[in-house]
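Heads up, the thing below is written out as structure tokens.
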Amino acid sequence: MISGHILLRRRGFLLGSLATTAALAGCATTPAPNVAVSPTPVRRPVGPPSEEEMAARYAALEDGGHQLPEVPFRQIDPQFYRQRVENTTGEPPGTVVVDVPSRFLYVTEPGGTAMRYGVGLGRAGFAWSGEGVIHWRQKWPRWKPPAEMIARQPELAKYSIENGGQEPGPDNALGARALYIFQNGKDTLYRLHGTKDWRSIGKAVSSGCVRLINQDVLDLYERVPYKARIVVRQ
């Protein structure tokens with residue numbers, strides 16, 4: 001006959017073994033820590049937009065209480081349509097690139113693509129190059145021509161800083177949006193802005209900086225964040 005003392009010792013041994021097994025099993029099933037994996041950038045399809053896409057992109061619309069008319073895009077050189085292309089700029093994603101000779105503006109994207117816009121260039125558009133940041137962005141801005149421009153065109157004096165500038169609206173020289181470029185903390189007086197004059201896209205014009213069709217500058221504004229890097233190549 002086995003004594004009660006021995007039975008108690010055996011029971012304690014079995015319970016201890018079960019506890020040890022459970023502990024080991026618990027360690028064995030502990031999941032491995034998560035390792036962060038960088039997602040592969042999504043590559044968006046490139047190529048010219050369809051006729052239906054173009055009609056939608058340049059349709060009449062209302063924005064901020066202002067009416068923008070339809071753009072007759074068929075009368076514009078197709079190379080200047082807003083479209084996604086291969087990123088041939090050599091710049092990393094998130095950079096704005098103005099190619100002055102080609103009359104193109106690019107916003108580079110992950111995956112090796114870029115959104116490209118046709119632009120028109122005024123006298124000021126040929127006056128600056130280099131790198132900067134988009135220090136300020138404005139919806140439906142007031143236009144306040146600098147004194148040098150007023151000296152050349154006295155009829156613009158009514159829009160001077162002293163007179164409060166030109167009222168926002170489709171007829172405003174800066175159009176629906178303006179993006180202001182600074183370099184080393186100082187205003188370059190270089191602007192990316194909208195225009196109702198779609199005929200000026202792809203051309204050199206008498207005044208202004210870098211102008212885009214109003215529908216395009218609306219799109220650009222949503223893609224380009226505050227403090228984005230910009231490169232202007234002459």
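Each value in this text was obtained by applying a stated rule to the coordinates, not by laboratory testing. Please read all numbers here as calculations on a predicted model, not as lab measurements. Ideal geometry is used to build each Cβ from the backbone, glycine not excepted, and the neighbour counts take in all protein chains shown.
Numbers for the structure displayed
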read-out	value
The lone exception for I230 - which of (1) assigned to a strand (DSSP E or B); (2) within 28 Å of P69 (Cα to Cα) it fails	(2)
Residues within region 50-66 that are closer than 12 Å to W140 by Cβ and over 22 Å from the mean Cα position of the chain (by Cα), tallied	2
Test: residue in region 82-100 that is touching a residue at least 12 places away in the same chain (Cβ under 8 Å), in contact with a Phe, Trp or Tyr (Cβ under 6 Å, 6 or more places away or on another chain), part of a loop (DSSP other than H, G, I, E, B) and farther than 14 Å from R233 by Cβ	yes
Lone unmet requirement of (1) at negative phi; (2) in contact with a helix residue (DSSP H, G or I) (Cβ under 7 Å, 6 or more places away or on another chain) for G165	(1)
Yes/no for I201 being surrounded by 15 or more Cβ atoms within 10 Å (Cβ to Cβ) and without any contact (Cβ under 8 Å) to a residue 24 or more places away in the chain	no
Condition check for Q183: surrounded by fewer than 18 Cβ atoms within 10 Å (Cβ to Cβ) and over 18 Å from F104 (Cβ atoms)	yes
Residue tally, condition within 20 Å of E70 (Cβ to Cβ) and not in a helix (DSSP H, G or I), over region 200-227	5
